[in-house]
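Let me begin by presenting the structure, written as structure tokens, before commenting on it.
Just so it is clear, none of the values below were taken in a lab; they were calculated from the coordinates. Remember, predicted model here, so these are calculated numbers, not experimental data. All Cβ positions, even for glycine, are placed from backbone atoms using ideal geometry, and neighbour counts span all protein chains on display.
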Amino acid sequence: MLMFCCCLLQNSELFTLTYGALVTQLCKDYENDEEVNKQLDKMGYNIGVRLIEDFLARSSVGRCQDFRETADVIAKVAFKMYLGITPSVTNWSPAGDEFSLILENNPLVDFVELPDNHSTLIYSNLLCGVLRGALEMVQMAVDVRFAQDTLRGDNVTEIRMKFIKRIEENLPAGDDQEERKMVFY
Amino acid sequence: MAIFSVYVVNKAGGLIYQYDNYVPRAEAEKTFSYPLDLVLKIHDEKVVVSFGQRDGIRVGHAVLSINGVDVIGKNTADGKDIIEYLKDASNYPVSIRFGRARLSSNEKLMLASMFHSLFAIGSQLSPEVGSSGIEMLETDVFKLHCYQTLTGIKFIVLADPRQSGIDALLRKIYEIYSDFALKNPFYSLEMPIRCELFDQNLKSALEIAEKAGNFGAGS
């Protein structure tokens, strides 16, 4: 049991180091925080479009009936599976199309401190891209951004997700287009 | 072989992977002397038997090889027209292998997109909302099983009707796809899958499925 825990710890440190190396290299290459944020989002998108299939293959969740179900699946199943954390889902908008994921701890930023010259860098922006890419593959267009970030002085890390629309063109053959509307509370 | 083939169709209906796991049983190789007592004709770029069924050679069987060398369309391997070749008495005795013509890759591509369209029609005909689409197509010699993922990719397996455990096999193929195709950074989405590891793992999954679910089906 102890060896198993050590193994996990070693894996997450390599993961933190790898992600850190990626971000610092991007900073050197682009020298502009906005550009780095964009690149991280793009890379995250490419990861997301592939990760979704792995997630669906392994978790056997069915199609979510509404955005609330989507939020729950993301927080309780997906985040747990890939990052080992379970963020909480809060701050639903009145229309039910926007919510926040509050992360108590973020494995990507273990041991990280942002220097002053990178104050606008969104270090974990990869996550936003991953969520956007993954949901796009199941026909949901969403906007994902960091509302709060512990690296920039906030108490918690908050990811805000907003549902934009269903992507009709890529509907898998046969998905009933009139009947399957997103239900908002 | 109880599992005959695997097809993977992308969102747009294009075939991105195909694997055949069977050897057609109905093939006959015979040596003939002049004159040939079978009537041959050209059909779809192949030379097929139109009259003269005997000894395992049936109407509709195509010429597969002449004297051991596989034919290419309606010409022999060295480019001679087969019908002309067989009219010439000096070429006899000749050994010809007949059998059910295998589908060419273009034909498979066409059939895959046709199935994709049928699948869409099938779901639209559904009286209930949220139909899974065509899951199985059954004939007397094979069953076609289909699984469409939430992202629109279809995994199709053609198997012996008595073969069980195909649902689990379809899920397993989905896992293999998400591992060896998607996690390969050099594989682009929606493109034909040309990954060695995917092939290898698919073949072993098929072997395991055949051994596990095969009750009484002759090989």
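See the values below:
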read-out: For the protein assembly as shown, the spread of Cα positions along each principal axis, largest first, Å; value: 93, 50, 43
read-out: Proxy reagent accessibility, fewest Cβ within 10 Å first, across A:Cys128, A:Cys27; value: A:Cys27, A:Cys128
read-out: Distance violations [Cα-Cα > 20 Å] among B:Lys46/B:Lys203; B:Lys11/B:Lys211; A:Lys165/B:Lys183; B:Lys46/B:Lys108; A:Lys42/B:Lys183; B:Lys172/B:Lys203; value: B:Lys46/B:Lys203; B:Lys11/B:Lys211; A:Lys165/B:Lys183
read-out: Distant-in-sequence amide H partners of B:Ile3 (H built 1.01 Å from N, under 5 Å); value: B:Asp160
read-out: Residue-averaged beta-carbon neighbours from other chains (10 angstrom radius) around A:48-55; value: 5
read-out: Most fluctuating residue given options A:Asn106, A:Asn46, A:Asn91, as computed from a GNM of chain A linking Cα atoms under 10 Å; value: A:Asn91
read-out: Sequence-distant residues sharing a close amide H with B:Ile16 (under 5 Å, placed H); value: B:Val8, B:Val9, B:Asn10
read-out: Ranked list, fewest to most other Cβ atoms within 10 Å of each Cβ, for A:Met140, A:Met161; value: A:Met140, A:Met161
read-out: Helical contribution to [θ] at 222 nm, DSSP H n ≥ 4, -39,500 (n - 2.57), averaged over chain A, rounded to 500; value: -14500 deg cm²/dmol
read-out: Low-density loop cleavage sites - trypsin sites (Lys or Arg not before Pro) in the stretch B:1-79, where at most 14 other Cβ are within 10 Å (DSSP); value: B:Arg25
read-out: ³J(HN,Hα), Karplus 6.51/-1.76/1.60, whole Hz, each residue of the stretch A:85-98, x for Gly, Pro; value: 10, 10, x, 9, 9, 9, 6, 5, 6, x, 7, x, 10, 9
read-out: Exercise: per-residue mean of other protein chain Cβ atoms within 10 Å, B:146-155; value: 5
read-out: Charge context of A:Arg145, other residues only, Cβ under 9 angstrom, K/R +1, D/E -1; value: +1
read-out: FRET efficiency, B:Ile42 to A:Ala141 (Cβ-Cβ, R0 51 Å, nearest 0.05); value: 0.45
read-out: Distant-in-sequence amide H partners of A:Ala147 (H built 1.01 Å from N, under 5 Å); value: A:Glu158, A:Ile159, A:Arg160
read-out: Pairwise FRET efficiency - A:Glu69 versus B:Leu137, Cβ, R0 = 30 Å, nearest 0.05; value: 0.40
read-out: Karplus (6.51, -1.76, 1.60) ³J(HN,Hα), θ = phi - 60°, over the stretch B:112-127, in Hz, Gly and Pro reported as x; value: 5, 5, 5, 5, 4, 5, 4, 4, 5, 4, x, 5, 6, 6, 4, x
read-out: Within the stretch A:17-75, GluC sites (Glu not before Pro) in DSSP loop having at most 14 other beta-carbon neighbours inside 10 Å; value: A:Glu31
read-out: FRET E, pair B:Tyr34, B:Met114, Förster distance 45 Å, beta-carbon r, rounded to 0.05; value: 0.60
read-out: Whole-Hz ³J(HN,Hα) from phi, Karplus 6.51 cos²θ - 1.76 cosθ + 1.60, for the stretch B:3-18, glycine and proline x; value: 9, 8, 8, 10, 10, 10, 10, 7, 4, 7, x, x, 7, 10, 7, 8
read-out: Where GluC sites (Glu not before Pro) in DSSP loops with at most 13 other Cβ within 10 Å are excluded, longest remaining stretch of chain B; value: B:46-127
read-out: Low-density loop cleavage sites - GluC sites (Glu not before Pro) in the stretch A:87-144, where at most 15 other Cβ are within 10 Å (DSSP); value: A:Glu104, A:Glu113
read-out: Per-q log10 I(q)/I(0), chain B, q = 0.09, 0.18 Å⁻¹ (Debye; single scatterer per alpha-carbon; no solvent); value: -0.48, -1.21
read-out: Dipole magnitude of the stretch B:27-99 about its Cα centre (Cβ charges: Lys, Arg +1; Asp, Glu -1), debye to nearest 20; value: 180
